[in-house]
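Worksheet: the structure to be examined is printed underneath.
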Amino acid sequence: MSPSPPSTLKTPPPSTLNTLTLFPTPSTLLIILNNPKGLNCISTSQHWALDALLQWYDNEPSLRCAVITGSGRAFCAGADLKEWNESNAAAKKGGTGHRSMPPPGFGAVSRRMGKKPVIGAINGLAFGGGMEMVANMDLVVAAKSALFSLPEVKRGIYAMAGALPRLVRTVGKPRAMEMALTGRTVSAGEALTWGILNAVTDDAPADADVLSRPVVKKALEYAEQISSNSPDSVIISRAGVASGWEDGSAEHATQAVIDVYQKRLNEGENFHEGIKAFVEKRSPQWVGSKL
């Protein structure tokens, strides 16, 4: 594993507030939320920085999968409520009190469509906005001790970053209502049975570095499996699933993906390489996606 930026990158990753970026493989970006004293809560400026980082990831041909995890004992405890309080106080004094997040939502993930997969490696608490990020990730792995909650109702607010309609599609109305209306904490085991998670791993030793955590290793295994496939096919397959999830009609979703991607896929190098490699009984040599 090489944590340094690979030589295959066209441009260096943008600097991102309270965030570390590593490259466990040349095709994988590991994003580490790094504000452990604040339980990796996310401020307004960090939302926008993460948006720039994920846009950069989508546009780097050599990168094929991203994994997001947290430092310390939390994945993300949600919004920076100290910032919210200061913003509310400023508004009362006649200031703007303005807070905003980018169109892709909380952490630039909770409403993200994007182009390439994002996998969650949930190492600890995923509360509020952290849970909203989880609800819209493509795959999610969690440590056994990880906890999930939408506690907004306990703070006089609500989960506004897109989790509510997405959760109901994942877990069904009764369970989504339970999380949204009670604000109770859900364990990793329960989240797995509900369909929020793909897998649960052992907890990491207290002194383990991020790359040696079982939850990160499992997420990177998924990333490697994804990266071994045609990058064009991964992008389009992901779009097909996401479109079906967002659109009420399966046929509308199918046609939308065909309209956008079919011709471009057929004309691409990876389409021809995959078929040729099968006929020649060899491993395909993929190139970075131009979609």
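None of the figures in this text is laboratory data; all of them are computed from the coordinates on show. Note that the structure is a prediction, hence the values are computed from the model and not measured. A quick note on method: Cβ atoms are made from the backbone with ideal geometry, for glycine too, and the neighbour counts reach across all protein chains shown.
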Could you check what % of the DSSP bridge pairs in the chain are antiparallel, to the nearest 5? 25 percent
I'd like the orientation of helix 81-92 relative to the chain: the angle between its Cα long axis and the longest Cα principal axis, in ° from 0 to 90, rounded to 10. 60 degrees
Consider just the alpha-carbon atoms of segment 124-216 and return their Rg together with their Dmax, both in angstrom. 13.3, 40
Fewest to most Cβ atoms within 10 Å: His272, His47 sort as His272, His47
Selection from Gly244, Gln262, Val279 lying farthest towards where the dipole of segment 231-279 points positive, charges on Cβ: Val279
Rounded to a whole number of µm²/s, how large is the Stokes-Einstein D of segment 3-46 at 37 °C and 0.692 mPa s, given Rh as the Kirkwood radius over C-alpha pairs? 283 µm²/s
Go ahead and set up a Gaussian network model of the chain, Cα springs under 10 Å, then flag whichever of Asn59, Asn266, Asn40 fluctuates most. Asn266
Convex hull volume of the Cα atoms in the chain, per residue, in Å³? 148 Å³
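Are there GluC sites (Glu not before Pro) in segment 184-290 that DSSP puts in a loop and that have at most 16 other Cβ atoms within 10 Å, and which ones?
Filter output for segment 184-290: Glu267, Glu280.
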For segment 30-77, max minus min Cα coordinate along each principal axis, in Å, sorted largest first? 35, 20, 11
Here is the link list: Lys115/Lys173; Lys116/Lys290; Lys10/Lys263; Lys10/Lys276; Lys115/Lys263. Which ones come out longer than 21 Å on Cα distance? Lys115/Lys173; Lys10/Lys263; Lys10/Lys276
Output needed for segment 140-291: three equivalent-ellipsoid semi-axes, defined as square roots of 5 times the C-alpha gyration tensor eigenvalues, in descending order, whole Å. 36, 24, 11
If amide H atoms are modeled at 1.01 Å from N in the peptide plane, then the residues at a separation of 5 or more from Val67, or on another chain, having amide H under 5 Å from its own are Leu29, Leu30, Ile31, Ile119
Label-point separation in nm, Lys10 to Lys281, each point 7 Å along Cα→Cβ: 3.8 nm
Given a 10 angstrom Cα cut-off, can you work out which residue in Val234, Val118, Val257 is the most mobile in a GNM of the chain? Val257
Over segment 231-279, equivalent-ellipsoid semi-axes from the Cα gyration tensor in Å: 24, 10, 8
To the nearest 20 debye, what charge dipole does segment 231-279 have about its Cα centre, counting +1 at the Cβ of each Lys and Arg and -1 at the Cβ of each Asp and Glu? 140 debye
Got a sec? Charge dipole of the chain, +1 on Cβ for Lys and Arg, -1 for Asp and Glu; which of Ala199, Val153, Ser230 is way out at the positive end? Val153
Return, ordered by residue number, the residues of segment 105-148 whose backbone nitrogen is under 18 Å from a label point located 7 Å along Cα→Cβ of Gln262. none
Gaussian network model of the chain, Cα within-10 Å springs - most flexible of Tyr222, Tyr158, Tyr57: Tyr158
What is the spin-label model distance, in nm, from Ser45 to Ala199 if the labels are put 7 Å beyond Cα along the C-beta direction? 3.8 nm
Rounded to the nearest 20 Debye, what is the dipole magnitude of the chain about its Cα centre when Lys and Arg each give +1 and Asp and Glu each give -1 at the C-beta? 440 debye
